[in-house]
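Beneath this line is the structure, given in structure tokens, with notes to follow.
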Amino acid sequence: MTRPQLTYYDFGERVVAFSTTRHGGCSTGNYAAFNINAYCGDETVHIAENRCALANLLGIDEPYIVMPHQVHGVEVRRIDGPQQEVIEGVDAVMTDASQLCIGVSTADCIPVLLYDEAHHAVCAIHAGWRGTVKRIVHAAVQAMHDTYGTEPSQLKAVIGPGISLESFEVGDEVYQQFADAGFNMPAISHQYVKWHIDLPMCNRLQLEEMGVKDICLSGICTYLQYQDYFSARRLGINSGRIFTGIMLR
């Protein structure tokens, strides 16, 4: 097995932040080649080997890679160390512990990473369209404020690989959910034949509304770049997932 190939984000020397690509692992078929998600049908032995390869690359033990089982909700969980049991029903995780890689799993949904340099704390957020409508980014920023004293204006944020406006076609009922939730529809949507929603922009606007100023967008569309990043719309739900992680040094 070759070394996992990661897309890195620059949060400074005290932080390692990245998204995995499809390259460098041992999984096969629509899971090829690098997948560490245990909830999408991949073979257990491949997941274990890929997790170990990522841990080696990060310089930590494998249990120190922490990923929740997500449910498109808005629960944010503080993580202080390796978890003995599955973190069930959680879509955002945060920590101020060093050498602990927390992250979320996506394959068209939007991963968001936050770093509070003043309090040396980080957060990883899974923002699918349902979580975006429910404003999970708001919930995560508020949770960091309540837990660590984070001031939104001091946060650095990255919006990672996800489906783009051009590729995210939705039905009228999904468009209506965003409208009913009070989103600025001219700013986040466009009607081609059907409506399209700009999920990265939705989450950027939420961050800005909370007072976050330092926001970086990866600009990667998983649907268009499915050969490098997993896309459930391209490959089906029985396929691999991107792991977007962040770790304090």
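The values are calculated or read from the model by the stated rules, or taken from the named source; none is laboratory data. What you see is a predicted model, and the numbers here were worked out from it, not measured in a lab. The accessibility values were calculated without ligands, DNA or RNA, using every heavy atom of the protein model including side chains. Shrake-Rupley method; radii C 1.70, N 1.55, O 1.52, S 1.80 Å.
Short version: ³J(HN,Hα) in whole Hz for each residue of segment 84-98, in order, from phi by Karplus 6.51 cos²θ - 1.76 cosθ + 1.60 (θ = phi - 60°), x for Gly and Pro, what are they?
Values per residue, Gly and Pro as x: 7, 10, 4, 7, 8, x, 10, 10, 8, 10, 9, 7, 10, 8, 7 Hz.
If you plug each phi of segment 29-40 into the Karplus form 6.51 cos²θ - 1.76 cosθ + 1.60 with θ = phi - 60°, what whole-Hz ³J(HN,Hα) values come out, in order, with x for Gly and Pro?
x, 6, 9, 5, 10, 10, 9, 10, 7, 8, 10, 10
For a quick check: with amide H placed at 1.01 Å from N, whose amide H comes under 5 Å from Arg77's, ignoring anything fewer than 5 positions away on the same chain?
HN-HN under 5 Å from Arg77: Ala92, Val93, Met94.
So how far, in whole Å, is the C-alpha centre of segment 1-45 from the one of segment 174-218?
28 Å
Using a 1.4 Å probe on the protein chains only, how many percent of the accessible area of segment 65-144 belongs to carbon and sulfur? List each step's numbers first, then the result.
Working: 1140 of 2550 Å².
About 45 percent, which is the carbon plus sulfur part of the accessible surface.
Going by amide H atoms built from the backbone, whose H comes under 5 Å of the H on Ile102, apart from near neighbours?
Result for Ile102 returns Val66, Ile246.
Report for the chain the percent antiparallel among DSSP-assigned beta bridges with both residues inside it, nearest 5.
Working: 36 of 48 bridges.
That works out to approximately 75 percent antiparallel.
Leaving out ligands, DNA and RNA but keeping every protein chain, what accessible area does Trp129 have, in Å² rounded to the nearest 10, with a 1.4 Å probe?
50 Å²
Answer with a single label: of (1) 19.4; (2) 20.3; (3) 17.9, which was calculated as Kirkwood radius over Cα pairs in Å from the structure in view?
Computed from the coordinates, Kirkwood radius over Cα pairs in Å corresponds to (3).
Using θ = phi - 60° and the Karplus form 6.51 cos²θ - 1.76 cosθ + 1.60, what ³J(HN,Hα) does each residue of segment 233-249 get, whole Hz, x for Gly and Pro?
5, 7, 9, x, 6, 8, 8, x, 10, 6, 10, 9, x, 8, 9, 7, 7
Give the average over all directions of the projected area of the C-alpha convex hull of segment 170-248, one decimal, in nm². Please list the in-between numbers first.
Values: hull surface 29.2 nm².
Average projection, Cα convex hull of segment 170-248: 7.3 nm².
Given a 1.4 Å probe, how much area per residue of the chain is accessible, in Å²? The partial results should precede the final answer.
Details: 10550 Å² over 249 residues.
Ligands and nucleic acids excluded, the figure is 42 Å² per residue.
With every protein chain kept in the model, how would you rank Thr150, Thr7 by accessible area, 1.4 Å probe, largest at the top? Could you put the intermediate results ahead of the total?
Values: Thr150 0, Thr7 30 Å².
Solvent-accessible surface, decreasing: Thr7, Thr150.
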